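Single-structure report; data block below.
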Amino acid sequence: MLLFLKNISPFISAIICGLILFQSAIIAPSINNLLPAEHASTYLRYIWPKFFIIVGILSLLCFICISIFNSNQSTAKIFSILSVFL
């Protein structure tokens, strides 16, 4: 179990990358093609804040896991906490 928790931070980072790519490459272009511009912009303004909240929460979880289980990875800590704030 400890080995799993020690290696969970790269998995969380991969989930974040997948979410960003999926949202940018699949969802946003599909919505722009499917809906008229006024409805698409309303829908995307509704979805994007939730998307950023999910990415922020996952980044915070990644930072916590790195801090607890991999305390010697200072670069990973910096990137994950930057991701939370940005």
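The values are calculated or read from the model by the stated rules, or taken from the named source; none is laboratory data. Source: prediction; values computed, not measured. Virtual Cβ from ideal backbone geometry, glycine too; neighbours counted across all protein chains shown. Protein only, heavy atoms only, side chains kept; ligands, DNA and RNA dropped before computing areas. Shrake-Rupley method; radii C 1.70, N 1.55, O 1.52, S 1.80 Å.
Could you compute the FRET efficiency for THR75 and LEU3, with r as their C-beta to C-beta distance and R0 at 25 Å, rounded to 0.05?
So the FRET efficiency works out to roughly 0.70.
Give me the base-10 log of I(q)/I(0) for region 45-86 at each q in 0.16, 0.19 Å⁻¹, Debye formula, one uniform scatterer per Cα, rounded to two decimals.
-0.40, -0.52
Given the protein chains as shown and a 1.4 Å probe, how many square angstrom of VAL84 are accessible, to the nearest 10?
My reading of the accessible area for VAL84 is about 40 Å².
Explain nothing, just compute: Karplus ³J(HN,Hα) = 6.51 cos²θ - 1.76 cosθ + 1.60, θ = phi - 60°, for every residue of region 6-22 in order, whole Hz, x for Gly and Pro.
In residue order, the calculated couplings are 5, 9, 6, 4, x, 5, 5, 4, 5, 5, 4, 4, x, 4, 5, 5, 4 Hz.
Select from LEU19, LEU61, LEU35 the residue whose mean-square fluctuation is largest in a Gaussian network model of the chain (Cα-Cα springs shorter than 10 Å).
Between LEU19, LEU61, LEU35, it is LEU35 that shows the largest mean-square fluctuation.
Determine the relative contact order of the chain: mean sequence separation of Cα pairs under 8 Å and six or more apart, normalised by residue count, in whole percent.
Value for the chain: 40 percent.
At a 1.4 Å probe radius, which order do ILE27, ILE68 fall into by accessible area, largest first?
Ranked list, largest accessible area first: ILE68, ILE27.
Counting only heavy atoms of protein chains, what accessible area per residue, in Å², does the chain have with a probe of 1.4 Å?
Value returned for the chain: 71 Å² of accessible area per residue.
Calculate one ³J(HN,Hα) per residue across region 62-74 by plugging θ = phi - 60° into the Karplus curve 6.51 cos²θ - 1.76 cosθ + 1.60, and present them in order as whole Hz with x for glycine and proline.
Listing the rounded values in order: 5, 4, 5, 5, 5, 5, 7, 9, 10, 5, 8, 9, 5 Hz.
Step by step: find N for the chain, compute 2.2 N^0.38 Å, then divide the Cα radius of gyration by it. What's the final number?
1.34
Across region 37-42, in residue order, what do the Karplus-derived ³J(HN,Hα) couplings come to in whole Hz, using 6.51 cos²θ - 1.76 cosθ + 1.60 with θ = phi - 60° and x for Gly and Pro?
Here the 3J(HN,Hα) series is 4, 5, 6, 5, 5, 5 Hz.
Accessible area, 1.4 Å probe, largest first: how do CYS62, CYS17 sort?
The most accessible residue leads, giving CYS17, CYS62.
Using a 1.4 Å probe over the heavy atoms of the protein chains, calculate the carbon and sulfur portion of the accessible area of region 37-86 as a whole percent.
The value for region 37-86 is 73 percent carbon and sulfur by accessible area.
With every protein chain in place, what's the accessible area of ILE8 (1.4 Å probe, Å², nearest 10)?
20
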